Amino acid sequence: MTNKEFKFELVLDNYPLTAISSNSKRPKYYSSTPGRGRVNKLPKKMEKEGYSIDIEGYYLDKTMQRVVSNTKTVGKPGTIPINAQVFYVGKPFQRMIIKNFVQEYLNPFVAQMPVIDYPLYMESEVHAMYQHRLPDMNNIGYVWDKILTDVMTKQGKIVDDSPLYLTRPGSAPLYCPVETEEERKIVIRFYKDLRPEIATARQLHLNL
């Protein structure tokens with residue numbers, strides 16, 4: 001669109017890929033019976049180890065200790081990917097964790113923004129290495145854009161995110177490949193929407 005005037009740019013260098021859901025992951029144990037915190041199937045390579053089973057159904061190793069299944073993650077922080085898929089297939093508490101985590105991350109960035117009284121037009125870019133785990137651009141864009149504009153509203157940087165104040169959100173980012181993880185960033189550009197029809201619609205709204 002040509003009827004726009006560049007105002008400022010926000011750069012989120014090394015933006016987080018995951019939200020911390022817990023300080024430390026609890027161990028999960030292999031068990032012959034199902035239940036919370038149990039993994040009800042031994043890997044094939046472990047089936048011949050000759051584990052015993054305690055009265056609660058847990059597999060025990062030669063030292064009579066329960067066999068931990070998540071040895072690579074136990075004790076490490078629990079995380080949830082910052083991805084819009086969690087918003088429609090995840091659980092409510094996961095959505096809240098992502099929302100609160102991203103809000104806290106964005107708060108200091110938004111605090112440095114000017115108060116915006118013009119119709120706002122946004123464009124965004126995601127600079128990231130291409131790999132099979134890279135989410136779709138709309139899954140990245142929706143989460144970051146929606147939470148960003150909510151934080152901007154809460155901090156009084158924009159009146160609200162309705163079409164008369166935000167004519168184009170940044171939820172459809174352009175993908176820009178990079179060669180290293182250190183180059184990962186989200187870039188959001190803010191413009192004033194100069195279209196006369198928007199000015200007319202805003203004036204009509206103010207006169208109601």
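For Lys99, give me every one of the aspartates and glutamates with a C-alpha distance below 14 angstrom, ignoring sequence neighbours fewer than eight places off in its own chain.
Asp145, Asp150
Give me the orientation-averaged projected area of the Cα convex hull of the stretch 161-207, in nm², one decimal.
Dividing the Cα hull surface by four gives the mean projection, 4.3 nm².
Would you list, by chain and number, the lysines whose Cα falls below 26 Å from the Cα of Lys72, excluding same-chain residues fewer than 8 positions away?
Straight-line reach from Lys72, under 26 Å: Lys25, Lys28, Lys41, Lys44, Lys45, Lys48, Lys62, Lys91.
If one computes P(r) from the Cα atoms of the stretch 100-167, what percent of pairs lie at distances over 20 Å?
When every Cα pair of the stretch 100-167 is considered, 35 percent fall beyond 20 Å.
Against the empirical 2.2 N^0.38 Å scaling, what ratio does the C-alpha Rg of the chain come to?
1.43
Using helices alone, what [θ] at 222 nm do you get for the chain, with -39,500 (n - 2.57) per DSSP H run of 4 or more residues, divided over all residues and rounded to the nearest 500?
The helix contribution divided over the chain gives -8500 deg cm²/dmol.
Over the stretch 123-207, what per residue volume does the convex hull of the Cα atoms give, in whole Å³?
100 Å³
Read-outs throughout are calculated quantities, based only on the coordinates presented, and are distinct from any laboratory measurement. As the structure is a computational prediction, the values presented were derived from the model and not from experiment.
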